[in-house]
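Scroll down for the structure; my scribbles are underneath it.
The values are calculated or read from the model by the stated rules, or taken from the named source; none is laboratory data. Bear in mind that the values here come from a model prediction, so they are computed numbers and not experimental data. Counting neighbours? That spans all protein chains shown, and the Cβs are built from the backbone with ideal geometry, glycine included. Ligands, DNA and RNA are stripped out before the accessible areas are found, and what is left, the full protein with its side chains, is counted by its heavy atoms. Shrake-Rupley method; radii C 1.70, N 1.55, O 1.52, S 1.80 Å.
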Amino acid sequence: VDDRARLSRQSLPEFLYDYHLELLGEPQLAEEALINIVANLNQHLHASPRVRMFSRFLGMAKQPPLGVDALNMYLVGLVKVQKGQIPLLPDFDNMHVDFGRAIKVVEFVFSQAPYVVKTKILLECEKRAVGRQIDLDSFLLFLVDMWREEQARSEERLRALFVASDTDGNGNLDFQEFHDMVKHINSSKTHRELLRMYGEMTLNRVVDSNTFVRVCRKFKFFTLDLGPSVKRQDNSAAEVFDLLNTEWGKIEDYVHELLVVLEGAAVGKRLEQDVNTLKKMLTDRIEPEQAWVCYRKVVAECTSAVKNRTPSVQEPPPTKPAKGKAAKAKDS
């Protein structure tokens with residue numbers, strides 16, 4: 001509803017109050033409806049993981065409450081793993097969904113996370129699968145918890161960035177310090193966007209770390225965002241990927257021939273996994289440094305495999321020219 005009206009999404013408590021206010025027409029009746037919801041949640045809190053998740057969105061569980069960002073991620077994950085099927089959530093527990101779809105949802109949600117972090121989350125997700133199926137509610141709970149952890153790390157990085165940029169250590173980020181920080185991290189934000197960011201920070205009398213983190217998250221500056229990045233690709237990254245594609249094109253056929261020879265061997269499986277990772281990085285054109293490391297790793301593994309499978313052959317001693325030829329060469 002908010003999306004269609006181009007409004008920012010409400011928290012779940014706000015949405016539920018507005019929903020019942022429209023439905024019942026009286027503020028007192030809407031409040032009573034919310035009280036009944038809370039009472040029912042308390043009564044059945046341990047009966048279902050879905051009830052526990054709902055209570056966290058309402059901020060009433062013992063675990064840390066979940067805000068609008070987590071709710072947005074939950075809804076995106078639910079729609080994608082269910083492929084928009086209605087109803088998105090059936091009225092029973094223990095529903096299982098295809099594990100392949102779940103993996104694609106994880107890759108989408110954490111597509112902006114560092115490669116190592118995303119790989120770790122995928123491995124953790126695999127542990128929760130039963131065959132080729134995974135419980136829907138357990139998967140969504142896992143997705144939300146992983147998202148919260150990465151958001152917390154993102155906030156820690158922002159606070160560390162603030163401390164590093166506050167060169168005089170007075171707890172206030174002045175414009176020159178902000179300008180130097182942006183220049184140092186090579187942000188893709190435009191000058192106008194950056195100016196608006198700092199302008200909003202200065203609405204507080206002091207640009208402290210809390211203000212800095214809040215405004216950065218609002219403008220999605222140096223933070224983990226949901227889904228693939230739509231930011232402009234920087235020229236240096238494009239040059240790296242152009243070079244990598246050229247170099248990979250020179251050895252691709254040779255590497256695939258080597259994979260055929262090494263089929264079934266442990267080194268062959270390792271090489272095949274790294275080749276698939278490299279191809280995905282070249283297609284996505286993100287994280288150029290990691291892609292370059294992966295390319296160098298593939299080259300090193302190929303070189304090592306060839307060296308280990310080729311018997312060492314002693315070079316023949318150099319042949320001496322015949323006396324007549326040697327004399328002739330000397331005279332010339």
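Run lengths n ≥ 4 of DSSP H only: what is the helix-derived mean residue ellipticity at 222 nm for the chain, with -39500 (n - 2.57) per run over all residues, to the nearest 500? Roughly -21500 deg cm²/dmol at 222 nm, from the helical runs in the chain. Taking label positions 7 Å along the Cα-Cβ direction at both Glu239 and Glu26, the computed distance is 7.2 nm, reported to one decimal. Relative to the dominant Cα principal axis of the chain, helix 136-165 is inclined by about 80°. Approximating the spin labels as points 7 Å out from Cα along Cα→Cβ, the Leu89-to-Asn308 distance works out to 5.1 nm. Helix 175-185 and the long axis of the chain differ in direction by around 50°, with both axes built from C-alpha atoms.
What percentage of the solvent-accessible surface of the chain, computed with a 1.4 Å probe over protein heavy atoms, is contributed by carbon and sulfur atoms?
55 percent
Taking 0.692 mPa s as the viscosity and 37 °C as the temperature, the Stokes-Einstein diffusion coefficient of the chain based on its alpha-carbon Kirkwood radius rounds to 131 µm²/s.
Only one residue of Gln28, Ile121, Met73 has its Cα farthest out toward the positive end of the dipole of the range 1-159, where Lys and Arg carry +1 and Asp and Glu -1 on Cβ, and that residue is Ile121. Helix 68-82 and the long axis of the chain differ in direction by around 70°, with both axes built from C-alpha atoms.
Taking 20 Å as the cut-off for C-alpha to C-alpha distance, list the pairs among Lys220/Lys280; Lys62/Lys120; Lys80/Lys118 that go past it. Don't skip to the end; give the middle numbers.
Values: Lys220/Lys280 25 Å; Lys62/Lys120 27 Å; Lys80/Lys118 18 Å.
Listed pairs above 20 Å: Lys220/Lys280; Lys62/Lys120.
With a Förster radius of 25 Å applied to the beta-carbon distance between Ser188 and Leu75, the computed FRET efficiency rounds to 0.35.
Calculate, for the chain, the solvent-accessible area per residue in square angstrom, rolling a 1.4 angstrom probe over the heavy atoms of the protein chains.
65 Å²
For the range 154-197, the spread of Cα coordinates along the three principal axes comes to 27, 23, 17 Å, biggest extent given first.
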